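Each reported figure results from applying straightforward, stated rules to the coordinates on display, with no laboratory input. Everything quoted here is computed from the prediction, not taken from an experiment. Counting neighbours? That spans all protein chains shown, and the Cβs are built from the backbone with ideal geometry, glycine included.
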Amino acid sequence: MAEAKKELKISRPYGQIRWENAFKRSLVIIALLMVVVVAGILLTLIIQSIPSLKSLGIKYLWGKTWDPINNVYGALPFLLGTLLTSFLALIISIPFSFSIAIYLGEYNPRGWLSNFLKNTVELIAAVPSVIYGFWGILVLVPIVQKLEIKLGVLPYGIGIFTASLVLAIMIIPYAASLGREMIKMVPSPLKEGAYSLGATRFEVIKNVILPYTKSGLFAGVLLSLGRALGETMAVTMVIGNTSTIPTSLFAPGNTMASVIANEFNEADHSLYWSALVELGLALFLVTVVINVIGKRIIKRFTNE
Amino acid sequence: MAGFKSLNHFINKKIMKNFLRIAKQHIAVAAMVVAAATGIQSKAIAQDDKTILGAGSSFINPLFSKQFADYNAKTGIQVNYQSIGSGGGILQLTNKTVDFGASDGPLNAEQTAKIGVPVLHITQASGAVVLTYNLPGVNTHLNLTPDVIADIYLGKITKWDDARITAINKGVAIPSFPILVAHRSDGSGTTAIFTSYLSKVSPEWSTKVGGGGAVNWPVGLGGKGSEGVSGLVKQTPGAIGYVELIYALNNKLEYAQIRNKKGKWIMPSIASVTAAGNVTLPDDSKIFITDTDAPDGYPISGFTWVIIYKEQNYNGRSLARAQALLKLLWWNIHDGQQYCTPLNYAPLSKAAVKLAEKILKSATYNGKSIL
């Protein structure tokens, strides 16, 4: 025991304090490294898109034509395609993700069924997106084609609507997992208080749980949206890759991410290449803007 | 109390050990990344003259794999070919990180300017683009004329039973389906050949759209890769799309017979594609042989080239390395051609081989010819 004490006295002042400092310093460095990486990416995008910015100017953003042969580049169809598919996917996914979150968070938080459901939902996020693309082409497209024939629109099968459906499934786990954690964390005195006042389970969910967790639920939705905005492979496979402004929900379209993925390999002249990088920059900025707006909304929720 | 403290100490020590272990791992990974990054550079200028580096066209990759494996067995020369797409191959050649690039199209004006010094285009094999379609009830090959194909892709012919289609397909009961046009969504040599053809046969296409690896399509849906286009065609009754001949043959797709410049109906096949290249070629071989003058040539075909620097002494390359490269390419256009037909590539025509020989002989090392 005495020996242990001795060793302790020696090692504390030097070794341990140095260790504490080194640990803290490495944490800071690693965290700052991430900032450097993000800033570096932004800087690269800006520098590489200078030729395109110079030649096309601001009208790049609302130009409707994407013509690599004549060097005319307009990002509007892709901007619309990205926003349309992402928000449509979000609208489709929210009822599912919130239902899963409430059921697993409140009705059935423990037990094998709960675990099984939870793991299955999380598995959805782990499946590679190209598999969703395959599934979309093989299963979803024929179903949508039949629906389109019934609705009397051109039965392409692929298009904005199909892409949104695939995206919706892919993003469900993000909002569902976060929502479930939030709902589980609602303090039981709050819920018990409401029950003791005679509230039914639905009333507790509506008046206690949802108001208490709304910022967390919204953060989950934001996470889903971020995923939808950037998804490339699955969307490319089912959206139709047509560089025109979509005229209806069933029309083919294109998204910024899928244009980049499609055309980057063989972009054979520098302005074309630069225009594609600028598309990446635009996508980056769209994500930032949506994130900033989202953070604002979350802040307002939590302050109330 | 003391016991508690020492326990605490023990835990801290353990954490530190773990941390150090993790840190060590990270350092190792970082070192590996750095090594890999610098490795790319050093590999490129390696003086190991037994390994030749190439990059580019994915279209020709299956043929190259077979040819280079055989060449390796015969001569011990290893060829490391990365199938990254024509544009990427040209870029790597420009950056001098490979010995040769392979491309489905000749260098364009900008790429030529960027590379700065004279390069040689050596034809390797021919490929062709066929029109595939999905018309329920039609089991024979359809006939298509250049103007009909152009007008379908311009969106001017929208029904399969259009008078202009039925007029050239007498005796075939063509159902009244709307035409769904499918094209490649990714930039590709296949698209370059097809749009080069449309630009040649249709003045309207040439002014409105033009030819290139990726164009502003007036109508239609885009599929990613050959399998994307053929997927669209298979799934949609009334669809028409274009794919490589190899892809159509390997997947047993239905395809159209096309009228060539001399007015003959030509079925796409290895023989008719080879024939398309049997014409007078320009001295630098930089030509799209689409809409060929050859009477029995299939009109939508094109070469794949290997591109090398004319002056082989650059970046401190040895004469032995330059010789090894040229010998390989010489073998490719002669003995290597035997692998074309089994793999469904069209071998070079006599005229093309003759020209490629002449071009290879013009390569120099310090101004002196190598072969």
message: Name the residue from B:Pro299, B:Ser362, B:Ala69 whose Cα lies farthest towards the positive end of the charge dipole of chain B, charges +1 on Cβ of Lys and Arg and -1 on Cβ of Asp and Glu.
response: B:Ala69
message: Over all directions, the average projected area of the alpha-carbon convex hull for the range B:128-276 comes to how many nm²?
response: 8.0
field: Considering only the protein assembly as shown, percent of DSSP beta bridges that pair antiparallel, nearest 5
entry: 60
- prompt: At q = 0.09, 0.13, 0.20 Å⁻¹, what log₁₀ I(q)/I(0) does a Debye calculation on the Cα points of the range A:1-150 give, no solvent, two decimals?
  reply: -0.73, -1.04, -1.22
Cβ-placed point charges (K, R +1; D, E -1), dipole of the protein assembly as shown about Cα centre in debye, nearest 20: 2460
- line: Over its alpha-carbon atoms, the range B:226-371 yields an Rg and a Dmax in Å of 18.6, 60
- request: With runs of 4+ DSSP H residues as the only contributors, calculate the mean residue ellipticity of the protein assembly as shown at 222 nm using -39,500 (n - 2.57) per run, divided by the residue total and rounded to the nearest 500.
  value: -18000 deg cm²/dmol
- request: Work out the charge dipole of chain A with +1 on the Cβ of Lys and Arg and -1 on the Cβ of Asp and Glu about the Cα centre, then indicate which of A:Tyr14, A:Leu117, A:Ile100 is farthest towards its positive end.
  value: A:Tyr14
query: Looking only at other chains, what is the average number of their beta-carbon atoms within 10 angstrom of each beta-carbon in B:183-196?
result: 3
message: Along each principal axis of its Cα atoms, how long is the protein assembly as shown end to end? Whole angstroms, biggest number first, please.
response: 96, 69, 48
message: Just to check I understand the Karplus step: with θ = phi - 60° and J = 6.51 cos²θ - 1.76 cosθ + 1.60, what whole-Hz values come out for the range B:284-299, glycine and proline as x?
response: 9, 6, 7, 8, 7, 7, 5, 6, 5, 7, 4, x, 10, x, 7, x
Karplus-derived 3J(HN,Hα), 6.51/-1.76/1.60, for each residue of the range B:184-189, Hz, glycine and proline x: 6, 8, 8, x, 7, x
- line: Over all pairs of different Cα atoms in the range B:63-126, the reciprocal of the mean inverse distance gives a Kirkwood radius in Å of 13.0
query: Can you give the convex hull volume of the alpha carbon atoms of chain A per residue, in Å³?
result: 236
field: Cβ neighbours within 10 Å from other chains - mean over A:59-69
entry: 3
query: Amide H neighbours of B:Asn80 under 5 Å, counting only residues 5+ apart in sequence or on other chains, H built in-plane at 1.01 Å?
result: B:Ile52, B:Leu53, B:Gly54
message: I need the calculated FRET efficiency for the pair B:Ser65 and A:Ala125, taking r as the beta carbon distance and R₀ as 41 Å, to the nearest 0.05.
response: 0.65
query: Counting alpha carbon pairs within less than 8 Å and at least 6 residues apart, what relative contact order, in whole percent, applies to the range B:128-276?
result: 36
statement: Restricting to Cα pairs under 8 Å and 6 or more apart, the percent relative contact order of chain A works out to 26
statement: Surrounding charge for B:Ala128, neighbours by C-beta under 14 angstrom, Lys/Arg +1, Asp/Glu -1, total -4
query: Taking the mean number of other Cβ atoms within 10 Å as a proxy for protection, how do you rank A:130-139, A:108-117 from highest to lowest?
result: A:130-139, A:108-117
field: Cα centroid separation - the range A:214-283 against the range B:303-336, whole Å
entry: 41
- prompt: Once the Cα atoms of helix B:350-361 and of chain B are each reduced to a long axis, what angle between those two axes, in degrees from 0 to 90 to the nearest 10, is obtained?
  reply: 40
- prompt: What ranking do B:254-262, B:145-153, B:133-141 get when scored by the average of other Cβ atoms within 10 Å per residue, highest first?
  reply: B:145-153, B:254-262, B:133-141
message: In 10 Å bins starting at zero, report the fraction of Cα pairs in the range A:228-304 per bin as a rounded %.
response: 17, 37, 28, 13, 4, 0
- prompt: Taking neighbour Cβ counts within 10 Å as the exposure measure, how do B:Tyr298, B:Tyr314 sort from fewest upward?
  reply: B:Tyr314, B:Tyr298
- line: Restricting to Cα pairs under 8 Å and 6 or more apart, the percent relative contact order of chain B works out to 21
- line: Working note, the range A:79-184: Cα radius of gyration (Å, one decimal) and Dmax (Å, whole number) are 15.7, 48
query: How many Cβ atoms of partner chains, on average, are near each residue of B:215-228 if near means within 10 Å of its Cβ?
result: 5
Convex hull projection area averaged over all views, the range A:63-105, Cα basis, nm²: 3.7
statement: Quick shape check on the range B:200-274: root eigenvalues a ≥ b ≥ c of the Cα gyration tensor, a/c under 1.5 is rounded, otherwise prolate if a/b tops b/c, else oblate, and it reads oblate
query: If you plug each phi of the range A:193-198 into the Karplus form 6.51 cos²θ - 1.76 cosθ + 1.60 with θ = phi - 60°, what whole-Hz ³J(HN,Hα) values come out, in order, with x for Gly and Pro?
result: x, 5, 4, 5, 7, x
statement: Taking only the alpha-carbon atoms of chain B, the convex hull volume per residue, in cubic angstrom, is 203
query: Could you put B:Ile157, A:Ile30, A:Ile41 in order, starting from the residue whose Cβ has the fewest other Cβ atoms within 10 Å?
result: A:Ile30, A:Ile41, B:Ile157
task: Hey, can you grab everything whose amide H is under 5 Å from the amide H of B:Leu221? Only 5+ residues off in sequence or another chain; H modelled, so Pro and N-termini drop out.
output: B:Val181, B:Ala182, B:His183
field: Euclidean distance between Cα centres, the range B:64-116 to the range A:135-176, Å
entry: 40
